[in-house]
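Readers should treat all values here as calculations from the given coordinates under stated rules, not as data from a laboratory. Since the structure is predicted, the reported quantities are computational estimates derived from the model, not experimental observations. For neighbour counting, all protein chains shown are included, and Cβ atoms are generated from backbone atoms with ideal geometry for every residue, glycine included.
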C-alpha cells in the first residue's frame, strides 16, 4: 500500500531528541508487545536490540527527509499551493480535517492547546482526460491531459510539536516492520500449529483494523470509530492471552525471533518513501515543461509498504 504524507503545521514547540539507547529500549518493548510470543525466546531483548537500532536509524532518516510542516487554515488555502491542490474548496479543508476523531480527542485531552501538529494521509489518483488548453490566444479543445485528484483525507496522528510528531511517525514505522514480521510468522507452516496460525492471522486482522503501523500514518480502509477502537483493543488483549497459553517448541521460537530480526535488520526492503514531483496548475492539471500556464512544482512523498499495492496514498 502507498500513502501520500502531507504534514500540517498548526504550531511549533521545541522538544529535545532522546538518546538512541533509550529509544531502542522503548521500541524493543513495543515490538514484543505487538508479538508477545517473542518474550518467550532466549535473550529476546538482547537479540532484538541491534535489529531495532538498525530500523530506528533507517526510520529516523526516512522521517527526517520529509518536508517542513504546512499550515492548515482557510488563509493558507488561498496562498499555499499544497493546500490548494489537496482541497478543491476552502470549506473542504476545515470539513475534512474536523472529521478526525483523533484530532478531536487530542484537543479534548489538551484543552490548553490552541494548535496541533498532525499527519495528513490522502488517496492520490491520476486521471487521463480530454480537456481545454490555451496556447497564446488560441484555445485548443480535446487535448489529452492528466489530472491529479486527492481524496479520502485522514488525520490519525496528532502531537503538540513537530519533533514529537516526527518521533511518533518513527514509532509507527517500527510498528509496521514488526507487523511485517508478524505476518511472516502467520504464514510459516513449519513452526506454527494450525491453532496458533489462526490466532496469529486474527491478530494481524485486528491490528490492521486498529491502524497499526503505516496505516495510522497514511490512512486507508474504512474509518474506525472511538467505540470500535475500544472493542478492537479489548479483542487484541484477549488474543494476546490466547497466544501466551499456546505451547511453542523452543527451536520454533528461536527461528521466529530470528525471522523478525531479519525484517528489522533490512527495513528498506519493507518500508520506503518515494518522492514524486508534479507540476500542477490551480485546476490540478499536470503541466509539461513546454507549458506556459501558471503552475507550481510540488513534491509529494509516497509511502510504500511491501505487499500492499492496492492504492496510491
Seminar exercise, completed: Check: C-alpha center region 150-174 vs C-alpha center region 85-105, spacing in Å is 15 Å
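What does the C-alpha gyration tensor say about the overall shape of region 62-104? Classify as rounded when a/c is under 1.5, otherwise prolate if a/b is larger than b/c, or oblate.
Numbers: a/c = 2.38, a/b = 1.20, b/c = 1.99.
Because a/c hits 1.5 or more and a/b fails to exceed b/c, region 62-104 counts as oblate.
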Problem set entry | Net length gained if the chain between residue 98 and residue 279 were fully extended (0.36 nm per residue, minus Cα distance) | 62.3 nm
Seminar exercise, completed: Protection proxy (average C-beta count within 10 Å per residue), highest first, orders 40-51, 147-158, 167-178 as 167-178, 147-158, 40-51
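Sort 84-92, 260-268 by packing, meaning the average of other beta carbons within 10 Å per residue, with the highest value first.
Top to bottom by mean Cβ count within 10 Å: 260-268, 84-92.
Length gain on complete extension for the stretch residue 132 to residue 45, per 0.36 nm per residue less the alpha carbon to alpha carbon distance? Don't skip to the answer; put the middle values down first.
Working: separation 87, 0.36 × 87 = 31.32 nm, distance 6.17 nm.
Difference between extended and current length: 25.2 nm.
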Exercise. Between residue 147 and residue 29, what FRET efficiency comes out of the Förster formula 1/(1 + (r/R0)^6) with R0 = 41 Å and r the beta carbon distance, rounded to 0.05?
Worked result: 0.35
